[in-house]
2 protein chains.
Amino acid sequence: MAPRNQRSDALSKERIVETAIELLDTGGEAALTFRALAARLETGSGAIYWHIADKSELLAAATDHLIAGVMAGVVDEATPQAAIRTVALALFDAIDAHPWAGPQLFRDPGRSAMPLIFERIGAPLMALGLGGQTLFDSASALLHYILGVAGQNAANPRLVPDEADREAFLGRVAAQWLQLDAQAFPFVRQAATQMRDHDDRAQFLFGIDLILAGIAAR
Amino acid sequence: MAPRNQRSDALSKERIVETAIELLDTGGEAALTFRALAARLETGSGAIYWHIADKSELLAAATDHLIAGVMAGVVDEATPQAAIRTVALALFDAIDAHPWAGPQLFRDPGRSAMPLIFERIGAPLMALGLGGQTLFDSASALLHYILGVAGQNAANPRLVPDEADREAFLGRVAAQWLQLDAQAFPFVRQAATQMRDHDDRAQFLFGIDLILAGIAAR
DNA sequence: ACCTGAACACCGTTCAAGT
DNA sequence: ACCTGAACACCGTTCAAGT
């Protein structure tokens, strides 16, 4: 058997992380096991631990890698508002395509993904003239809203090729909401009728604009 | 050995769920195993499956139970804005005390926890005169913001008796942010200096008010 | 220094057997 | 109808042994 440590494609943290992302994209979080990863990398499961501390760090590193790529691809915009909308939509689409990353964004705010996102939200607000506590609190509000939608999206089946699964999912939720008591749940029952053909992306942007309008109104 | 199925405290879904919440509150999500749960309930691990489909349903049922209790305790308020603030803060404090429930809120929007929350947000907006798409989108924005903060809180160590752990956590995040490049991260570095003594609860309310102001400005 | 892969401790879940 | 608890299939992680 050829010694692995002399191959040109030797193990490295980057190669491990990229392979992990492939497994996550293909089969979701359940598909990422050290055994599957080792098999794909043609190595022993223990070898991975030489480069990565544990599974928690592996998932965090995969998220950092993904977000860094997304953020690097975001183009500059003319206005601060447009810049915030563009970054927000880029994140929305990234979680749409890689739903496993949604819950990860909540984990460790010190890691690289979080500062990358936070800077892209806060810098435009500075350009708008915000500062001090208002700046910090406004940026945090936008960040939390974006993460909240990301987390929700990660739970929904959105990345199906055809729209059938998504329709079925929304239809099931709407049906459950319509079964609620009309006296106790007037709003939710009305919302149920709007569920099936609502545009997630437009609704997401509406919320961004709501927060931006709130900032402008101060 | 006395037969279990004749005791007055026989197994029931409610007793299982309440015991599960005790384990979750005491030791976090890792402490909830079917073996630990069965030991605490003085039964076999398989007996639980007679009442609960699987672990996913157990966690969802625990969350529903928790949120139902929280929502039942929320008092009515004079104005729609006050009602929304009160519900939001009640959820904030509930996740603060039971951080394991944060990620669960993202799971299944059809379950009872989600409609309970959504109704309490949407009904006051209806009272404000909102309707149609604007009503649905505005309520969704508030919901996503609240869930985003809840998810973030669940990841942070907040429920420690003394403030030492929280201080250490925020200090560590701030230190990591201060190590970033000054040219590339002007905002994040400034935010780092505000991290240690910021008031999570006040910042959360600031975001709620920002969205409410955005709604009012439309 | 880096890799191998068996072994360990632990899960969720099932199911034949009991009462 | 409900409970028991061993058994199964599967994890993450460790570590003595290799190169």
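The values are calculated or read from the model by the stated rules, or taken from the named source; none is laboratory data. None of these values were measured; they are calculated from a predicted model. Cβ placement follows ideal geometry from the backbone for every residue including glycine, while neighbour counts extend to all protein chains displayed.
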Name the pairs: first residue in segment B:125-141 and more than 23 Å from A:I146 (Cα to Cα), second residue of a type outside the set (S, T, N, Q), Cβ to Cβ under 7 Å, at least 6 apart or on different chains?
-> B:M126/A:F187; B:M126/B:L135; B:A127/B:P80; B:L128/B:P80
Among the numbered criteria (1) more than 14 Å from chain B (Cβ to nearest Cβ); (2) within 16 Å of DNA strand D (Cβ to nearest atom), which single criterion is violated by A:A30?
-> (1)
B:L128 being facing chain A (nearest Cβ under 8 Å), under 24 Å from A:F187 (Cα atoms) and among the hydrophobic types (A, V, I, L, M, F, W, C) = no
The number of residues in segment A:40-51 that are surrounded by 12 or more Cβ atoms within 10 Å (Cβ to Cβ) and more than 8 Å from DNA strand D (Cβ to nearest atom) is 4
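Rundown of residues vs (1) in contact (Cβ under 8 Å) with a residue 12 or more places away in the chain; (2) within 15 Å of B:T33 (Cβ to Cβ); (3) not polar (S, T, N, Q), yes/no style:
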site: B:A47; (1), (2), (3): yes, yes, yes
site: B:H51; (1), (2), (3): yes, no, yes
site: B:K55; (1), (2), (3): yes, yes, yes
site: B:L58; (1), (2), (3): yes, yes, yes
site: B:A62; (1), (2), (3): yes, yes, yes
site: B:A68; (1), (2), (3): yes, no, yes
site: B:G73; (1), (2), (3): yes, no, yes
site: B:Q81; (1), (2), (3): yes, no, no
site: B:I84; (1), (2), (3): yes, no, yes
Residue satisfying condition, being more than 16 Å from DNA strand C (Cβ to nearest atom), modelled with pLDDT under 95 and over 23 Å from B:A155 (Cα atoms), within set A:A97, A:A90, A:A82 | A:A97
Selection status of B:H144, touching a Phe, Trp or Tyr at 6+ places or on another chain (Cβ under 7 Å) and within 29 Å of B:G28 (Cα to Cα) = yes
So A:P99 clears everything in (1) assigned to a loop (DSSP other than H, G, I, E, B); (2) more than 10 Å from the chain's Cα centre (by Cα); (3) within 22 Å of A:E29 (Cβ to Cβ) except one condition, right? Which one?
-> (2)
Has segment A:21-35 got any residue that is in contact with a Gly (Cβ under 9 Å, 6 or more places away or on another chain) and within 16 Å of DNA strand C (Cβ to nearest atom)?
-> yes
Does B:L178 satisfy the criteria of being surrounded by 17 or more Cβ atoms within 10 Å (Cβ to Cβ) and of a type outside the set (V, I, T)?
-> no
Of all the residues that make up segment A:39-69, how many are more than 15 Å from A:K13 (Cβ to Cβ), within 16 Å of DNA strand C (Cβ to nearest atom) and part of a helix (DSSP H, G or I)?
-> 4
Of the conditions (1) over 30 Å from A:S112 (Cβ atoms); (2) within 9 Å of chain A (Cβ to nearest Cβ); (3) assigned to a loop (DSSP other than H, G, I, E, B), the single one that B:A123 does not satisfy is (3)
State all residues of segment B:202-211 that are surrounded by 12 or more Cβ atoms within 10 Å (Cβ to Cβ) and more than 7 Å from chain A (Cβ to nearest Cβ); if no residue qualifies, say none.
-> B:F204, B:L205, B:I208, B:D209
